Each structure stands twice: as structure tokens, then as C-alpha cells.
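**Q** Have a look at the structure that comes next, please.
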Amino acid sequence: MYQHFTQEERYEIYEKLTEKVPKSAIASSLGKHPSSIYREINRNTGLKGYRPKQANDKAAMRQASKPRKVYFTSTIRLQVEAWIRKDFSPEQIVGRAEREGIAMVSHERIYQHIWDDKRVGGTLYEHLRHIPKKYRKGYGSKQERGQIPNKVSIDARPAEVESRDDIGH
């Protein structure tokens, strides 16, 4: 399992880099894969080389800039249902929440909520712009497309056709 580098590990990387220890040896002493060491050094090297405090700060900035998971809380659910009843699409709800700075789940999660609501007898799905088509199984029914109407089997052709004496037989 992947684990982030700690500040102590970064200081150890820095010390071994200044001692010109090979990166594969650094990796084995830290119990990491060599590619992890290369990635750490490439990501966090500044103009003055690899420095552990700067590396830790850069890593913390990357971690802080990641979007956090938003859960479908009752507050968000009530807001979503209010906007759906005003005939907003799930995509519009997410866009509006983003513009207004409100934490919001994805439009796919909103659709899941709408279909869950429909299964228990709710009416949220009626406010969607496009009502989905009814699903029908493709097997078990004869397809009429591509069939010749009033077709006659080749076994039912007249006997004089077998001789092929006339033109067109």
C-alpha cells in the first residue's frame, strides 16, 4: 500500500543525496521502491536542489489543494430536492452550487437519489427534462424488421421450375 513520505524520511533522503548515495540504495534503506524516491526528488526539487523542509511544504500544498469528498447529507439532500422541484437539472444544480460556493455531490449522485426516490414512490423524477425510455428485453419477441411479407418457402415452388426450361426459372 502506498504511504506518503514523512518529514524524517525526507531528511534522510537529503542527507544521502548530499553523500552521493545511489537512489536505489536510498530506496532500500527506507523500504520504498526506487521509483518512489525518483518521484519524490523530481516533484520536490527547487532551484537550490532537494531540500526536505521545502519538499514537505510542497507535498502539504499538493495535499491541501485536493478536493475533499462531499457526503450526501440531509442538508444537501434538502437543497437538491428544492432545486429539482424548481426544474433544475442535476448538472445545473452542481454548477449553481459551485458558483455559490456550496459543497455539492456530483450530478451522478443526484441522479441516483432521484431514481431511489422513484423506487419508493417519490415524484422527483417527474421534474427531469427527459423521462427515460422504458427498458424492454431484446430477446423473446420476433423482430419484424427485415422480413419479406407473404414469403413462400423454396420447397413450395412448382415442379416445372425444376426443369428450368423457361427463361426466368
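Every number here is computed from the coordinates shown, using simple stated rules; none is lab data. Since this is a predicted model, take the numbers as computed values, not measurements. All Cβ positions, even for glycine, are placed from backbone atoms using ideal geometry, and neighbour counts span all protein chains on display.
**Q** Go ahead and collect, in residue order, the members of the range 49-87 whose backbone nitrogen is under 12 Å from a label point 7 Å along the Cα-Cβ direction of Arg39.
**A** none
**Q** Can you give me the distance in nm between label points at Val70 and Tyr135, each placed 7 Å from the Cα along the Cα-to-Cβ direction?
**A** So the two model labels end up 2.8 nm from each other.
**Q** Taking each pair of distinct Cα atoms in the chain once, what is the resulting Kirkwood hydrodynamic radius in Å?
**A** 23.6 Å
**Q** Using 0.36 nm per residue of separation minus the Cα-Cα distance, give me the extension gain between Ser106 and Ala60 in nm, one decimal.
**A** Difference between extended and current length: 14.0 nm.
**Q** Still on this structure: Below 12 Å, Cα to Cα, which aspartates and glutamates can Lys118 reach? Residues fewer than 8 away in the same chain don't count.
**A** Once the sequence-local aspartates and glutamates are set aside, what remains near Lys118 is Glu126.
**Q** Roughly how many debye, to the nearest 20, is the charge dipole of the chain about its Cα centre, given +1 on each Lys and Arg Cβ, -1 on each Asp and Glu Cβ, and no other charges? Spell out each step's value before the answer.
**A** Details: 33 positive and 22 negative charges, 171 e Å.
That gives the chain a dipole magnitude of about 820 debye.
**Q** Are there any trypsin sites (Lys or Arg not before Pro) in the range 1-98 that are in a DSSP loop and have at most 14 other Cβ atoms within 10 Å? List them by number.
**A** Passing sites in the range 1-98 are Lys20, Lys48, Arg68, Lys69, Lys86.
**Q** Go ahead and set up a Gaussian network model of the chain, Cα springs under 10 Å, then flag whichever of Ala25, Ala159, Ala103 fluctuates most.
**A** Ala159
**Q** Check cross-link reach from Lys151 to the lysines: straight Cα distance under 19 Å, and skip same-chain residues fewer than eight apart.
**A** List returned: Lys142.
**Q** If you don't mind, another one. Tell me which chymotrypsin sites (Phe, Trp or Tyr not before Pro) from the range 73-169 have a DSSP coil assignment and no more than 12 other beta carbons within 10 Å of their own.
**A** Those that pass, being in a loop and sparsely packed, are Tyr135, Tyr139.
**Q** State to the nearest 20 debye the size of the charge dipole of the range 7-65 about its Cα centre, where the only charges are +1 on K and R beta carbons and -1 on D and E beta carbons.
**A** 260 debye
**Q** When only C-alpha pairs under 8 Å and at least 6 residues apart count, what is the relative contact order of the range 74-127, in percent? If you can, show how the numbers build up before the last one.
**A** Numbers: 36 pairs, mean separation 19.1, N = 54.
Once normalised by length, the contact order is 35 percent.
**Q** Write out the GluC sites (Glu not before Pro) in the range 1-52 meeting two conditions: DSSP loop, and at most 13 other Cβ atoms within 10 Å of their Cβ.
**A** Those that pass, being in a loop and sparsely packed, are Glu19.
**Q** Another one. Ratio of alpha-carbon Rg to the 2.2 N^0.38 Å globular estimate for the range 7-65, to two decimals, please.
**A** 1.06
**Q** May I pose another question? Cross-link candidates for Lys66: which lysines have Cα within less than 20 Å, leaving aside residues fewer than 8 places away along the same chain?
**A** Those lysines meeting the cut-off are Lys58.
**Q** For the chain, modelled as a Gaussian network with Cα springs under 10 Å, which listed residue fluctuates most, Gln112, Gln147, Gln79?
**A** Looking only at Gln112, Gln147, Gln79, the biggest GNM fluctuation is shown by Gln147.
**Q** In degrees from 0 to 90, rounded to the nearest 10, what is the angle of the helix 34-44 Cα long axis to the longest principal axis of the chain?
**A** The angle comes out at about 70 degrees.
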